[in-house]
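The values are calculated or read from the model by the stated rules, or taken from the named source; none is laboratory data. Everything numeric here is computed off the predicted structure, so don't read it as measured data. Cβ: placed from backbone, ideal geometry, glycine included. Neighbour counts: every protein chain shown.
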Amino acid sequence: MSVRTKELFKTTGIFAIGNLGSKVLSFLIVPFYTYVLTISEYGRIDLIATLISFLLPLTTLLVHEAAIRFVPTNEIDKQQAVTNCFVVFIIGSLGFLLLLPFINIFFDMSGLNEIFILVVVLYSFNDIFGNYLKAIGKTIIYSIYGVTNTFAFLIGNIFLVLVLKQGIYGYYLSTLIAQAISAVIVAYGANVLGDINFRCISPEVLKRMLRYSFPLIPNSLLWWVMTGGDKYIIYFFLGDSSNGIYSLSLKLPTILSVVFGIFSSAWQLSAIKESKADDRSIFYSKVYNYLWIILALGSSLLILIVWPLYKYVLSYNYYDGWKYVGLLIMATMVSCLGTFLGTVYVVTQKTEWSFLSTLLGAITNLVVNFLLVKPLGLFGIATGTICGYAVVLFIRSFHAQKFLEMDLKLKQSLVLAMLIGIQCIISICVESIWGSVIQILFTSLICIVCRNELFRIIERVFVKLSR
């Protein structure tokens, strides 16, 4: 195994320690929500969370992306980066406060206004300086921040939502407490107060950072259209309860995106470090193809457990949601692949294509959603999500081959996509244990198609463990 591959796995491992366990706990608490929150309450909680995810690119200007790009290569020093990031944080927070009256016109924040303000400001701080920790190589502290945030949130949820029965208010109060504790860890770990030097405020540095991050903002907002915009279409056409069902249906696919997100955090750093290597296309191709196989197998296994999970674990009030999960798992898989290939634009500094590919995907998503939401309901929304992500993946696959000459093994990819697609159809049509039995056959077929790569992965794991 090459040094750079080992470095990628090492960084991924550090992020996994800090995030995977905590995210698994977040998933395990989902059954708890189905029993203590009504479908309508769950839907409203998710709508507010979706709004926050929309606001973050605007309040942070994604300046942390510039820090991750320029600090590891010493193109901008730490003091300049942290100081100018802090300036952006202050400006973004003030801008959010100016937007608040307009937000209140369109969104019902009754009883949550003060908490909502504080949560958004703290989220912005943690988003900027939590990612800054990665830029300066403090990945272990970044992992501690992730673990602490999740545990504080879970403990707050159990006490405020389960014990004190505070519902939506309790949920967001526990979010506020968790973000406040995390902000202390981030500020200390990144030495924000120590490194801020207002003499380092530089229009030139700020302009350079924002010139890099600004094109990513529309891209991020358009990506939100495909991930979060669906929920507002559901809310408008189908109501709160349908949104609650759909939001819960997204929880199982979230496992896939969380695992990928951990890897992606490490991959972004490795991709930038290797951007000038002569054999970078070989390295990128190798990582992509292994990622595809892991995502395909992971998706197949998740689809396999959907029906038993909804039948025997979750509250019956949410049972109808199982029909949509398979499609959403497939959509998440396609999304992860498209996100990975988005690194091509970072490495080649062609970020305009990052925006354009996401724009075309978002337009596709919206058009299909509006066409199908009435006749097909939530199936129409799930179909629109898959179509949008597929457009992004197609464009980025083309550019990965054009700009970096990556070998994407398209024949194998098409076979895997076909097998998972058929498994999705079976998961929807066969509502019994026999559906799960048939799906096991498709999971086995995926293993057979990828047998050479899987054997190599297993062999390397055993070699690593035996040392």
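From the list Ser357, Ser397, the lone residue that is farther than 20 Å from Pro215 by Cα, at pLDDT 90 or above, part of a helix (DSSP H, G or I) and within 25 Å of the chain's Cα centre (by Cα) is Ser397.
Kindly indicate whether any position in segment 142-151 is assigned to a helix (DSSP H, G or I), free of Cβ contacts under 8 Å to residues at least 24 places away in the same chain, out of contact with any helix residue (DSSP H, G or I) (no Cβ under 6 Å at 6 or more places or on another chain) and closer than 30 Å to Tyr35 by Cα. No, segment 142-151 contains no residue that is assigned to a helix (DSSP H, G or I), free of Cβ contacts under 8 Å to residues at least 24 places away in the same chain, out of contact with any helix residue (DSSP H, G or I) (no Cβ under 6 Å at 6 or more places or on another chain) and closer than 30 Å to Tyr35 by Cα.
Any chance segment 200-207 includes a residue that's in contact (Cβ under 8 Å) with a residue 40 or more places away in the chain, assigned to a loop (DSSP other than H, G, I, E, B), small (Gly, Ala, Ser) and within 27 Å of Ile140 (Cβ to Cβ)?
Start the filter on segment 200-207 by keeping residues that are in contact (Cβ under 8 Å) with a residue 40 or more places away in the chain, which leaves 200-202, 205-206.
Now drop any that are not assigned to a loop (DSSP other than H, G, I, E, B), which leaves 201-202.
Those still in the list that are small (Gly, Ala, Ser) too: 202.
Next, from what is left, pick out any that are within 27 Å of Ile140 (Cβ to Cβ): none.
Within segment 200-207, not a single residue is in contact (Cβ under 8 Å) with a residue 40 or more places away in the chain, assigned to a loop (DSSP other than H, G, I, E, B), small (Gly, Ala, Ser) and within 27 Å of Ile140 (Cβ to Cβ).
Checking each residue of segment 389-408 against the condition of being within 25 Å of Trp307 (Cα to Cα) and touching a Phe, Trp or Tyr at 6+ places or on another chain (Cβ under 9 Å) gives no match. Of the residues making up segment 156-199, just one is without any contact (Cβ under 8 Å) to a residue 24 or more places away in the chain, among the hydroxyl-bearing types (Ser, Thr, Tyr) and within 24 Å of Gly111 (Cα to Cα), namely Ser174.
Conditions tested, residue by residue: (1) at pLDDT 75 or above; (2) more than 30 Å from Arg280 (Cα to Cα).
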site	(1), (2)
Arg4	no, no
Gly13	no, no
Asn19	no, no
Leu56	yes, yes
Ala66	yes, no
Phe70	yes, no
Asn74	yes, no
Asp77	yes, no
Ala81	yes, no
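One residue alone among Phe379, Phe442 is out of contact with any Ser or Thr (no Cβ under 8 Å at 6 or more places or on another chain), in a helix (DSSP H, G or I) and among the aromatic types (Phe, Trp, Tyr), and that residue is Phe379.
For Tyr132, are the conditions met, namely being closer than 30 Å to Phe263 by Cβ, in contact with a Gly (Cβ under 9 Å, 6 or more places away or on another chain) and of a type in the set (Ser, Thr, Tyr)?
Values: closer than 30 Å to Phe263 by Cβ: yes; in contact with a Gly (Cβ under 9 Å, 6 or more places away or on another chain): no; of a type in the set (Ser, Thr, Tyr): yes.
So Tyr132 fails the test.
Mind checking which residues of segment 310-327 are outside any helix (DSSP H, G or I) and not polar (S, T, N, Q)?
The first filter runs over segment 310-327 and keeps only residues outside any helix (DSSP H, G or I), leaving 313-315.
Of everything in segment 310-327, those that are outside any helix (DSSP H, G or I) and not polar (S, T, N, Q) turn out to be Val313, Leu314.
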